[in-house]
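Chemist: Below is a structure I'd like to ask you about.
The values are calculated or read from the model by the stated rules, or taken from the named source; none is laboratory data. As the structure is a prediction and not an experimental result, all values here were calculated from the model. Cβ sites come from the backbone with ideal geometry, for glycine too, and all protein chains shown count toward neighbours. We work out accessible area using only protein heavy atoms, side chains counted, and drop any ligands, DNA or RNA first. Shrake-Rupley method; radii C 1.70, N 1.55, O 1.52, S 1.80 Å.
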Amino acid sequence: MTEQSALGDGPLTGVRVVDASTILAGPLCCQLLGDYGADVIKIEHPRRGDGMRGHGPAKDGEPLWWKEVSRNKRLVAADLSQPEGAEVLLRLAERSDVLVENFRPGTMERWGLGPEQLWERNPGLIMVRVTGFGQTGPYARRAGFGTLAEAMSGFAHLTGEPDGPPTLPAFGLADSIAGVAAVAATMMALWERDTKSPGKGQVVDMNLLTPLMTAVGPGPTVYDQLGVVGQRTGNRSQNNAPRNTYKTKDERWVAISTSAQSIAERVMHLVGHPEVIDEPWFATGAQRAQHADLLDGYVSEWIGQRTRDEVIAEFTAAGAAVAPVYDAADIVNDEHIRATQMLTKVPDPKLGEVLMHNVMWGMSRTPGRIRHTGGDLGADTEPVLTELGYAPAEMDELRERGVIA
């Protein structure tokens with residue numbers, strides 16, 4: 001047996017995760033854990049299914065986002081609000097390392113599935129609780145969605161043109177950042193359990209607001225120390241210039257950044273205005289940002305006289321930082337994305353090959369992989385319940401009563 005085959009499908013081979021969450025942070029967390037080998041068992045309501053099935057476009061009735069976010073998961077349909085459905089989850093918890101849920105605080109306890117009840121069955125279980133605002137505090141029981149976190153984190157306030165409205169992202173930013181953060185938190189909890197407190201689980205309290213607040217930056221610290229509130233600057237940065245998006249001769253767009261002083265100097269040499277490098281204010285990014293009108297004017301004029309390909313070629317040759325502004329079609333056709341397999345095609349029984357994001361990070365010895373796409377509601381209910389000790393007659397009864405599907 002080779003080392004790779006012995007290690008299975010990644011570093012988490014042998015770890016079992018119960019995904020009792022929906023839209024989007026929890027399912028993404030579990031997707032990433034599954035990508036690296038964890039056996040993820042997804043719990044959905046037997047009639048409604050997971051709300052993710054209705055998010056985004058579909059082809060021939062098959063939800064495309066679902067194919068990715070539920071890949072590598074075994075799908076069980078059980079109504080956790082019914083005692084018999086709760087028992088299914090308790091039996092799964094007995095045999096699992098992690099349970100991820102994102103119900104409003106108090107819901108799991110009301111169903112008899114709170115931490116204490118779960119730990120009676122499995123003291124080593126890690127319970128990852130993903131909510132909008134956390135398990136405690138004045139807002140804990142409010143409905144929590146990514147849009148609210150994007151508003152309250154400071155992101156929307158800082159996004160958009162100076163004379164325009166606060167701007168929300170066109171995608172699940174807060175949920176996605178929280179989902180990735182939840183992976184890190186889960187692995188920390190598993191590490192602590194297995195190295196320092198054998199057999200003792202804990203609760204991970206993950207909210208949507210905190211990770212995005214961190215990503216937005218030190219605004220609260222700046223306000224605390226200086227009394228300054230950051231404002232919208234469009235595509236410009238308060239930390240360096242030139243930094244913006246620029247239209248090319250062929251009506252395309254590119255973005256440049258000059259976070260490093262050497263890059264800023266190279267850009268100004270390239271666009272034909274090296275004289276500004278000797279200005280005292282050019283010495284730091286923050287001072288350059290105060291002269292963004294001047295610097296942007298020089299850069300815009302130069303870029304506007306060239307095609308996108310010419311701009312990228314000359315910036316690259318000069319060692320300056322530039323990138324084209326891509327849409328989805330550009331992403332799919334980019335040579336670097338293709339060569340590094342950031343996207344990959346995965347066989348699907350109904351749609352044939354489906355292009356989707358590959359596993360998120362590379363690992364030289366224990367790489368993850370995509371074993372299958374997301375499937376039909378309750379596709380694995382019977383085999384999973386069989387593993388849990390349910391007899392065929394019991395499953396028939398639960399099915400007739402709508403507890404499982």
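Chemist: Sort out which residues of segment 303-327 are of a type in the set (A, V, I, L, M, F, W, C) and either out of contact with any Leu (no Cβ under 7 Å at 6 or more places or on another chain) or buried (at least 17 other Cβ atoms within 10 Å of the Cβ) (or both), and write them in order of number.
Modeler: Answer for segment 303-327, where residues must be of a type in the set (A, V, I, L, M, F, W, C) and either out of contact with any Leu (no Cβ under 7 Å at 6 or more places or on another chain) or buried (at least 17 other Cβ atoms within 10 Å of the Cβ) (or both): Ile303, Val311, Ile312, Ala313, Phe315, Ala317, Ala320, Ala321, Val322, Ala323, Val325.
Chemist: Name the single residue, out of those in segment 94-111 being in a loop (DSSP other than H, G, I, E, B) and within 26 Å of the chain's Cα centre (by Cα), that is surrounded by the most Cβ atoms within 10 Å (Cβ to Cβ).
Modeler: Here the answer is Asn102.
Chemist: Right, here's the next one. It is to be established whether one or more residues within segment 262-285 are of a type in the set (Val, Ile, Thr) and within 27 Å of the chain's Cα centre (by Cα).
Modeler: no
Chemist: Right, something else. So, Arg91, is that one in a helix (DSSP H, G or I), touching a residue at least 40 places away in the same chain (Cβ under 8 Å) and open to solvent by 50 Å² or more (accessible area, probe 1.4 Å) or not?
Modeler: Spelling it out, Arg91 is indeed in a helix (DSSP H, G or I), touching a residue at least 40 places away in the same chain (Cβ under 8 Å) and open to solvent by 50 Å² or more (accessible area, probe 1.4 Å).
Chemist: Could you pull out the residue among Thr186, Thr167, Thr136 that is at pLDDT 95 or above and touching a Leu at 6+ places or on another chain (Cβ under 8 Å)?
Modeler: Every option except Thr186 fails the conditions.
Chemist: Does segment 16-30 hold any residues that are part of a loop (DSSP other than H, G, I, E, B) and surrounded by 21 or more Cβ atoms within 10 Å (Cβ to Cβ), and which are they?
Modeler: Ser21, Thr22, Leu24
Chemist: Could you give every pair whose Cβ atoms fall below 7 Å, whose first residue belongs to segment 306-334 and is without any contact (Cβ under 8 Å) to a residue 24 or more places away in the chain, and whose second residue is assigned to a helix (DSSP H, G or I) and aliphatic (A, V, I, L, M), counting only separations of at least 6 or pairs across chains?
Modeler: Listed pairs, sorted by first residue: Ile331/Ile337.
Chemist: Since Leu12 meets every condition but one in (1) crowded, with 24+ Cβ neighbours inside 10 Å; (2) not in a loop (DSSP other than H, G, I, E, B), which condition does it not meet?
Modeler: Single failed check for Leu12: (2).
Chemist: Mind checking which residues of segment 165-204 are assigned to a helix (DSSP H, G or I) and among the small types (Gly, Ala, Ser)?
Modeler: Result: Ala174, Ser176, Ala178, Gly179, Ala181, Ala182, Ala184, Ala185, Ala189.
Chemist: In segment 112-133, how many are out of contact with any Leu (no Cβ under 8 Å at 6 or more places or on another chain), in contact (Cβ under 8 Å) with a residue 40 or more places away in the chain and part of a loop (DSSP other than H, G, I, E, B)?
Modeler: Going through segment 112-133 one residue at a time, the tally reaches 3.
Chemist: Write out, first by first residue and then by second, each pair whose Cβ atoms fall under 7 Å of each other, whose residues are 6+ apart or on separate chains, and whose first residue, in segment 189-209, is assigned by the TED database to the domain that holds Phe103 while the second is open to solvent by 50 Å² or more (accessible area, probe 1.4 Å) and in a loop (DSSP other than H, G, I, E, B).
Modeler: Qualifying pairs under 7 Å: Ala189/Gln202; Arg193/Lys200; Gly199/Pro123; Lys200/Pro123; Gly201/Pro123.
Chemist: Taking Ser364 as meeting all but one of (1) exposed (fewer than 11 other Cβ atoms within 10 Å of the Cβ); (2) assigned by the TED database to the domain that holds Arg306, write down the number of the exception.
Modeler: Checking Ser364 against (1) exposed (fewer than 11 other Cβ atoms within 10 Å of the Cβ); (2) assigned by the TED database to the domain that holds Arg306, the one that fails is (2).
Chemist: Turning to a different aspect of this structure: Please find, within segment 37-72, the residue that is modelled with the lowest pLDDT out of those that are under 26 Å from Asp97 (Cβ atoms) and hydrophobic (A, V, I, L, M, F, W, C).
Modeler: Looking at the filtered set, the residue picked out is Met52.
Chemist: Sticking with this one: Check Ala260 against each of (1) out of contact with any strand residue (DSSP E or B) (no Cβ under 8 Å at 6 or more places or on another chain); (2) at pLDDT 95 or above and name the one condition it does not meet.
Modeler: Among (1) out of contact with any strand residue (DSSP E or B) (no Cβ under 8 Å at 6 or more places or on another chain); (2) at pLDDT 95 or above, Ala260 violates only (2).
Chemist: Please tell me if Asp348 is within 29 Å of Leu80 (Cβ to Cβ), surrounded by 13 or more Cβ atoms within 10 Å (Cβ to Cβ) and not assigned by the TED database to the domain that holds His55.
Modeler: Yes.
Chemist: Scan segment 263-302 for residues that are in a loop (DSSP other than H, G, I, E, B) and either open to solvent by 60 Å² or more (accessible area, probe 1.4 Å) or more than 17 Å from Thr245 (Cβ to Cβ) (or both) and jot them down.
Modeler: Across segment 263-302, the qualifying residues are Gly272, His273, Glu279, Thr284, Gln290, His291.
Chemist: Turning to a different aspect of this structure: State whether one or more residues within segment 161-169 are in contact with a Gly (Cβ under 6 Å, 6 or more places away or on another chain) and crowded, with 17+ Cβ neighbours inside 10 Å.
Modeler: So far as segment 161-169 goes, no, none of its residues is in contact with a Gly (Cβ under 6 Å, 6 or more places away or on another chain) and crowded, with 17+ Cβ neighbours inside 10 Å.
Chemist: Within the group Thr147, Thr221, which residue is open to solvent by 50 Å² or more (accessible area, probe 1.4 Å), without any contact (Cβ under 8 Å) to a residue 12 or more places away in the chain and outside any loop (DSSP other than H, G, I, E, B)?
Modeler: Thr221
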